[in-house]
1. If you put +1 on each Lys and Arg Cβ and -1 on each Asp and Glu Cβ, how big is the dipole of segment 16-154 around its Cα centre, in Debye rounded to 20?
2. With 10 angstrom as the radius, rank Arg51, Arg43 by how many other C-beta atoms surround their C-beta, starting from the fewest.
3. I want the local charge near Tyr29. Using Cβ-Cβ distances under 9 Å, sum +1 for each Lys or Arg and -1 for each Asp or Glu among the other residues.
Amino acid sequence: MPIAVPENKLIGPRFATVGMVAFVDLLGYSGRVQAIKTAADLRAIDADVRRVQKWFDHRSGDADVRAVQQLQSKRILAFSDCLVITVPSRSEIIDADGGDYDVLFSELVAIAYAQGRCAVNGIFLRGGIDYGLWYKRRDTIISPPMVAAYNLESKPAYR
């Protein structure tokens, strides 16, 4: 069953989309954030978070990567000790290609690649991914799949 985007003058395609939402936690960083005592502590965490964002292709130095991200409306946000990545299921690139399967699947591959790059550099991640409504207007974000992805991340990885 397709997920509908609510439509009115405050909630519309400019602010609300449907797509993939990933919540990625940097393991051990919440403790580091809570233990910040100096500007050097803050700079070290900021450097690590920015490095992880870069490995997820945030503000890539590659013009082709930036162009594709703009066409697919991909966003990579950082909050303290986590990232939130969104890829709408409707965008210029998806509309031109005729479907979202390739874009969303390639994003899953990119997430796996970025996670491997983080691990090789001693930064370990854990996360969850879901699909559904993403609403962002100014400094407000409301997203059931973001909550679901966060909940997936916080559950044990095994049973």
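Quick note: the coordinates plus some simple rules give every number you see, no bench work behind them. Here the structure is a predicted model, which means the values were calculated and not measured. Neighbour counts run over all protein chains shown; Cβ positions are idealised from the backbone, glycine included.
1. For this selection, approximately 580 debye.
2. In order of increasing Cβ crowding within 10 Å: Arg43, Arg51.
3. Around Tyr29, the charge tally is -2.
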